[in-house]
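Down below is the structure, laid out as structure tokens.
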């Protein structure tokens, strides 16, 4: 997918609205989209649309409508990838408060079957990373190869390895953390070149409920936008005006 400030400006957009992990928070996502539409900002959502929160079907409806209207795109997150695998019949671990909640919610709404079919298709096609000028967008973590290689075609159908695994799951040590999840580290931040800012979700690093900016050794930046939507926190977003 090729998006540039010039092409988006030509379509009448004034900048970007970058939206963090939604995790079933349809009310927060609706507010983010409404504000972006009013300000003519193109939405770039960082993945993990579903699981945990109260209304995954509502979030999917909003995300698909946003995409159909040409008002934004969403990236592939690890929860989106896992939902697609489950809907395709693969054997996956189903946590009751995560994927299990989403599957239950889809089973209870009249359009659940249609939403599931759309999720199968759209998550297969969603990009795993995007660059727009000096801004780089990925769900979990950056890898230097992402500056050279475009996101894999049909990333949602692929077995994650290499840069795609980094994009979905972050940088892990192979050890298990106290919370039972893989231990994640931020060594990748030191590989971000000066002049590049990475916008990502996945890790809830903020301690004050606001997006957290961190600087790497090469001078590059990363901004972490996951502030706990659907998990007791709230949905965060940032607006980026086009230069000039």
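Where a number appears in this text, it was derived from the coordinates with a stated rule and is not lab data. Every value quoted in this text rests on a predicted model; they were computed, and no experiment measured them. Ideal geometry is used to build each Cβ from the backbone, glycine not excepted, and the neighbour counts take in all protein chains shown.
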Worksheet, complete the sentence: Distribution output for the stretch 15-238: share of Cα-Cα pairs per 5 Å bin in percent, first bin at 0, values 1, 7, 15, 20, 22, 17, 11, 5, 1, 0, 0
Item to complete: Pull out a ≥ b ≥ c, the square roots of the eigenvalues of the alpha-carbon gyration tensor of the stretch 146-244, then state rounded if a/c is under 1.5, prolate if not and a/b is larger than b/c, and oblate in the remaining case.
Response: rounded
Practice prompt. Could you give me the percent of Cα pairs per 10 Å distance bin for the stretch 200-244, shortest bin first, beginning at zero and ending with the bin that holds the maximum distance?
Written response: 26, 46, 24, 4
Response to the item:
By the C-alpha gyration tensor axes a ≥ b ≥ c (rounded if a/c is under 1.5, else prolate when a/b exceeds b/c, else oblate), the shape of the stretch 1-116 is prolate
Worksheet entry | Peptides ranked, highest mean first, by Cβ atoms within 10 Å: ranges 170-177, 214-221, 68-75 | 68-75, 214-221, 170-177
Worksheet entry | the chain - mean residue ellipticity at 222 nm from DSSP helices (-39,500 (n - 2.57) per run, n ≥ 4, rounded to 500) | -9000 deg cm²/dmol
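Would you please put 28-37, 156-165 in order of how densely packed they are, using the mean number of other Cβ atoms within 10 angstrom per residue and starting with the highest?
Highest to lowest by the protection proxy: 28-37, 156-165.
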Item to complete: Report the calculated FRET efficiency for residue 145 and residue 104 (r = Cβ-Cβ distance, R0 = 30 Å), to the nearest 0.05.
Response: 0.20
Worksheet, complete the sentence: Stretched fully, the stretch from residue 88 through residue 153 gains (0.36 nm per residue minus C-alpha distance, one decimal, in nm) 21.6 nm
Response to the item:
Taking Cα pairs closer than 8 Å and at least 6 residues apart, the relative contact order of the chain in percent is 22 percent
